[in-house]
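What follows draws every value from the coordinates through simple rules; no lab data is involved. Just so it is clear, the model here is predicted, and its values are computed rather than measured. Backbone-built Cβ (ideal geometry, glycine too); neighbour counts: all protein chains shown.
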Amino acid sequence: MISFAWLIPLFPLLSFLVLILSGKKLKTVSGYLASLLTGISFIFTLGVIADLRSVTEYEATWTWLTIGTTDIQAGVWLNPLNGLMLFIVSFVSLLVHIYSLGYMGENDRRATYFAYLGLFTFAMLGLVMSPNLIQFYMFWELVGLGSFLLIGFYLYKESAKRAARKAFIMTRIGDAGLLVGLILIFWQTGSLSFTEIFQAVEQNEFAPGMVTLTAILLFIGAVGKSGQFPLHTWLPDAMEGPTPVSALIHAATMVAAGVYLVAAAYPLFLASEWALMIVAVIGAFTAIFAATIGLVQDDLKRVLAYSTVSQLGYMMLALGAGGYVAGMFHLTTHAFFKALLFLAAGSVILALRKQNIKEIAGEGRHLAITKWGFLAGTLAISGFPLLSGSFSKEAIFAALLEDGQYGLLGVALLTAFLTSVYMFRLYFMVFHGKGADKPPKSVPVSMKIPVIILAALAVISGFFATGFADWLAAEQEYAVLHHSPTWLIFLATLLSLGGIVFAYFIYVRKQMDREEWKTTFSSTYTILYHKYFIDEFYQNTIIYSTRAISYLMYYTERYVVETIAAFAAGMVKEIGKTGSRLQNGRVQTYGTVALLGLAVIVLIFVVRGGYF
Amino acid sequence: MDLETLLSFKWSIMAPEFTILITGVIVSLQDLFYGNKRLSSWLSILGVLLAIAFLSTQYQHESVSILYDTYIFDEVTFFFKIILLTGTLLILLMTSPSWDEETERVRGDFHYLLLAALLGGMIVVSSGDVITLYAGLELLSISSYIMVGIRKYNRNANEGAMKYIITGSLASAVTLFGLSYIYGLTGTTNLFDISREMSAIDTQLEPLAILGFVITFVGLTFKISTVPFHMWTPDVYQGASTPVAAFLSVVSKAAGFILIARMLIIAFTAEPGLEQGTVYEYGVGLIAVLAALTMIVGNTVALRQRNMKRLFAYSSIAHAGYLLIPLAALTSFSLETIWFYLLAYMLMNIGAFAVLHVLIQNHANEDMSIFSGLYHRSPVLTVMMTIFLASLAGIPGTAGFIGKFNIFLGALSADPARYVLAGIMVATTVISYVYYFNILVQMYSRPAEKHANLQVPAITWVTVGFCTLGTVLFGIFPNLPLQFFNW
């Protein structure tokens, strides 16, 4: 089976090609076709995983590009880590396809929608199977393209267009870092293949400082894709896309690609204390930073988006503190419960046609399955004992303790408390209250099944922690699962429950007026509500300064150069009045610039004593 | 030169040039006596195809030099001629003659001018001597001046042609001035002899050698539209009809690049050079600075353009800046890098110009708004345009990405490595996303205007389809052309 692994990404690609080329004719069956093809991919994935238990590593490549004397390969690389990612991607993608059958319902452009989903799934599957950084990078960009198309799916909405554009440009900043990083790696090691890079790291082939630099550059790519501070602002805006897309791309797969990149290149990071430290600090900061913003957002999906940013911060924090298994395990459980939360939220939005939690005010309580599913997800993410989130978070805390990062451990614990506060605030405001009594529009079965499956996984997947660690440890010796001392488990549980109780008293019992603190701490509220003014900061600095440079260049060309040229222009006019009437005077400018340029060059040449 | 020597040359190696020359003559006679533009168009296409066929028989032919080293054939000339011929063919296929006639009220015919310009470019590529090289360059330039001004009732065209000819003459003068220094120092016009003389030059004359090199180089920047001879580009593109602008931005520029590359590599990198290095090593700092300035100016000013031809003019300036990097960072695969980039650039830029041509002809307008709602009017054309733009912006999966990637690797693996240039390239590439992206936004998210039916001549689809295919194919399998190049 494993030798057919290259087929896995091709089924979604086929789905994309068929639907984009003949989508109009296949409109009614488009969803079923796409789901079927993704299902086949999923079955293949299961087969490959079964084989991976005995093979542990498999690589098949062919020469793709020859530069000078260097060959760059393309192909398929399988090991426990990307086997895991294959599973998550194909599984969540399949569920999202099924869910979308109901969610996109009678949408006129649903063939296009499923085509884009296919493209995205193809790119994501190709990404996790890449044996080298260049192939990885190409799929990475393709993933970005898929995400861009899906965020901007509702073309007629101005905000969706803006969000898609923002996501595209913001992640591209990270991508530039990744590109520079991979080229530096190539320069240092003469290869882009993961295995050869790791060998080079082992044999100290890097110039001093280069390991740290390249690791940080790769991490910049991960920061962009995984919505880490300071490149996180695109992720909440990306919620303009259809909700199943948010579940697939902005919860379970694409945003996890950044975390996967750090995990896949882990030996490189392990070789540099500094790089690990930066990963951990950025992760911790993002975790608590996004959690505080999540406390005051009023849009159902935006709260989930900030929660995603915060949880991704957790994963980075774990990886930065040497908790390889903890980070990947949290990625897995998070994929389940966050996809669950988004899909449940999608049901709420579809049924109630609103997504401001103040307007919903408890109306969601009529949707039984959605309510229980959302509760399971909320409990899991809050780290409620024995649910999946509690296991993966404990693994992260244990890794931090083991690494001696007490400060970061404190931040992580505080974030855990905040997480249960904002998540239960969300839960209580959507599903508890005295909103309208009318039974809302019903939710189709195809949307209920994925919610039920994911809810089950969100509850039980935590128990597989040990097996999970063994699975990853088959290939990498740094894959160790850390175990927490009892006091830490106790503390974590206390914080999680404390947050729930806290939220209960504010939002259900109304013991504290939730509006009151907005006036008493008005400045804090304003800062949080405006997400620390990060967007405004970018608007006022980077965007304006780029614009200023462009204006500067434009006006330099137009006016400054022209003023200098005025003199020459006058002379030329005197010489040939007839010829000059034909033009508006600017061609003289061109000549002046060219000759002036030459004169400056020659002048420098003379000043430098005849040499450059 | 007696008849016997004349006949002893291996004339067959010039078959592609003769084909273009004869076709040009036939087309001009045809135009004079019959004036059938459709026939001109087909004859030109046929001629170029025939020239390509002759050229392809020379694949893996050994190097030949005839007419006392003034005309040389080697693998470099072979590969660059492919770009010139294919580019011209695609431009010929981009336009439908009857269509242009109706809209432009053109009296003369641009086909034989195009062929003459192509011939000039081919001579430039094959020259081993400064004199023939200059003759080829002028043939290319003068034909281009007329092509720009051929729409004589169009005010922009008149203005553009006038500006082009003035700036061009200035550039020619500067080039000749630089060449005169080189001739004065070496006493020869043959590139190989220049190389030999340069390597044994008197130390006291070094500054003069470098000065000659610098002035010649600055003069030649006109053809490739880089700083400081770049300012004509937007006005001339705006004035020229779209196929002519495409020719200037691809074929003419490719000829300019191979000319510069050949002069640099043959004449100025000879070892042992001056006191500490070759002339090239002393002048390379200048090329690096010009490359940086060109990338910055091209990409930032493009941000402010609404007129599509002006936008693509600045974009073409920016691409010329990228292409200077392999020259500022010479490695063993610099030529290969330049060739691949020019190939990719030919495909994506002609493709984009072909789509632009269709829209300009349909709207009689060159504002960015002609792209609005294109997706709803012609999804296939939109998808193809998206591929061209993605490739121009250097998005992976397209030939443009591989081209940029090669340049980037070359800049870092050169000795000394050009970090700053590589950094500027990355930064300006990110800036370029913004303006290419604006076009995408227009195509996909703006509502379509009232012109519901888009008229696309069947022949244009050939160009657009071919360019799409090439852009994607060479983006996914870049080794196909690269292996072909390393025969």
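Here are a few things to note about the model shown:
- Remark: the Cα gyration tensor places the protein assembly as shown in the prolate category, a/c being 1.5 or greater and a/b exceeding b/c.
- Distances between placed amide hydrogens fall under 5 Å for A:Asn132 paired with A:Phe194, all partners being 5 or more residues away or on another chain.
- Unit charges on C-beta of K, R, D, E only; dipole of the protein assembly as shown, Debye: 4580
- Separation of segment A:180-247 and segment A:372-442, taken as the distance between their Cα centroids, equals 29 angstrom.
- Angle between chain B longest axis and helix B:37-56 axis [Cα atoms, degrees, rounded to 10]: 40
- In this structure, the amide hydrogen of A:Trp64, modeled 1.01 Å from its nitrogen in the peptide plane, lies closer than 5 angstrom to those of A:Ile72, A:Gln73, A:Ala74, counting only residues at least 5 positions away or on a different chain.
- Taking a Cβ cut-off of under 13 Å around A:Ala5, the surrounding Lys, Arg, Asp and Glu residues balance to a net charge of -3, with basic ones at +1 and acidic ones at -1.
- Of B:Lys10/B:Lys37; A:Lys161/B:Lys404; A:Lys25/B:Lys404; B:Lys152/B:Lys253, those spanning more than 32 Å from alpha-carbon to alpha-carbon: B:Lys10/B:Lys37; A:Lys25/B:Lys404
- Shielding by partners - mean other protein chain Cβ count within 10 Å, residues of B:162-168: 4
- Overall form of segment A:285-361 per C-alpha gyration tensor (a/c, 1.5; a/b vs b/c): oblate
- If you count Lys pairs in segment A:272-512 whose Cα atoms are under 15 Å apart, skipping same-chain pairs closer than 8 places in sequence, the total is 12.
- B:His111, B:His319 arranged by Cβ crowding within 10 Å, fewest neighbours leading: B:His111, B:His319
- Amide hydrogen neighbours beyond the local backbone of B:Asp129, cut-off 5 Å, H modeled: B:Leu191
- Here B:Asp202, A:Asp175 are placed in order of increasing Cβ neighbour count within 10 Å, fewest first, which gives B:Asp202, A:Asp175.
- Each of A:Val92, B:Met147, A:Leu379 was placed along the dipole of the protein assembly as shown (beta-carbon charges, centred on the mean Cα), and the one lying farthest toward the positive end is A:Leu379.
- Counted charge near B:Met308, where neighbours are those whose Cβ lies closer than 10 Å (Asp, Glu -1; Lys, Arg +1): +1
- Residues in segment A:397-414 carry Karplus couplings, in order, of 4, 4, 4, 5, 5, 4, 7, x, 8, 5, x, 5, 4, x, 4, 5, 5, 4 Hz; the curve used is 6.51 cos²θ - 1.76 cosθ + 1.60 with θ = phi - 60°, and Gly or Pro positions show x.
- For chain B, the longest principal axis of the Cα atoms and the long axis of helix B:334-363 meet at an angle of about 30 degrees.
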